[in-house]
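Asker: One structure coming up, written as structure tokens, with questions to follow.
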Amino acid sequence: SIHFVDANYGVSAGSSGAMIRTSDGGDNWEDVSLAGFNSWDRFTSLVYPSANTIIASASNGQLYKSVDRGTTFDLLYNEPTGASLDGMDFINEDTGWLLTNIRYPDNVNFVDTFHQFIYRTTDGGISWDTSNTVFPYPTEFSLRNQLTVVKFLNSSIGYAGGNNGFLYKT
């Protein structure tokens, strides 16, 4: 994932907690990787909602926030089910959405069920609303229908998309 707040400041992140940032439009990059990631975990989405704030979601169910352009990151949210955080968007430092894919294992029939939800925050990620009035919807998991990205234009118009050309609007 990659995101720039302006023509100079940007950040890019990938697997195993790898993250780099630039302050000169990409001519030079500085390693600001996060320790503690497993090799199979990856950053799934980055946003730069203001000049100093970076928010990063990860496949390990964790959401990180930096208020110093990526010098340090704090754990902002940890999905209690261990779900993958597959997409995220913020329209400012307070209001954002988080796309989660939750796996419900079936140890009897060995046919796991997956559900996708979109959470919303209006307090910078301290708390997340999953009520029916936001934009939640469960779907039976299929790689053909998995949502992978969420994008909001403002506090009321948003889109979620993914594999196989599916696109939802609220």
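Asker: Please specify each residue of region 44-63 satisfying the condition of being open to solvent by 10 Å² or more (accessible area, probe 1.4 Å) and either farther than 13 Å from D89 by Cα or of a type in the set (V, I, T) (or both).
Answerer: T44, A51, N52, S59, N60, Q62
Asker: Would you mind telling me which numbered condition in (1) at pLDDT 90 or above; (2) open to solvent by 60 Å² or more (accessible area, probe 1.4 Å) D89 fails?
Answerer: Evaluating D89 over (1) at pLDDT 90 or above; (2) open to solvent by 60 Å² or more (accessible area, probe 1.4 Å) leaves (2) as the failure.
Asker: What is the number of the single condition among (1) in contact (Cβ under 8 Å) with a residue 60 or more places away in the chain; (2) in a strand (DSSP E or B) that R69 does not meet?
Answerer: (2)
Asker: What pairs come out if I take residues in region 84-95 that are closer than 18 Å to A51 by Cβ and pair them with residues that are surrounded by fewer than 22 Cβ atoms within 10 Å (Cβ to Cβ) and among the charged types (D, E, K, R) whose C-beta lies under 7 Å away, six or more apart or interchain?
Answerer: Sorted first by the residue in region 84-95, then by its partner, the pairs are D89/K151; D94/D123.
Asker: Also, I was wondering about something else. When the residues of region 72-86 are narrowed to those that are closer than 18 Å to D129 by Cβ and part of a strand (DSSP E or B), which ends up most open to solvent (accessible area, probe 1.4 Å)?
Answerer: Only one residue fits best here, namely N78.
The values are calculated or read from the model by the stated rules, or taken from the named source; none is laboratory data. Note that the structure is predicted; figures quoted are calculated from it, not measured. Methodologically, a virtual Cβ is constructed for each residue, glycine included, from the backbone with ideal geometry; neighbour enumeration extends over all protein chains shown. To get the accessible areas, we keep the full protein, side chains included, count just its heavy atoms, and leave off ligands, DNA and RNA. Shrake-Rupley method; radii C 1.70, N 1.55, O 1.52, S 1.80 Å.
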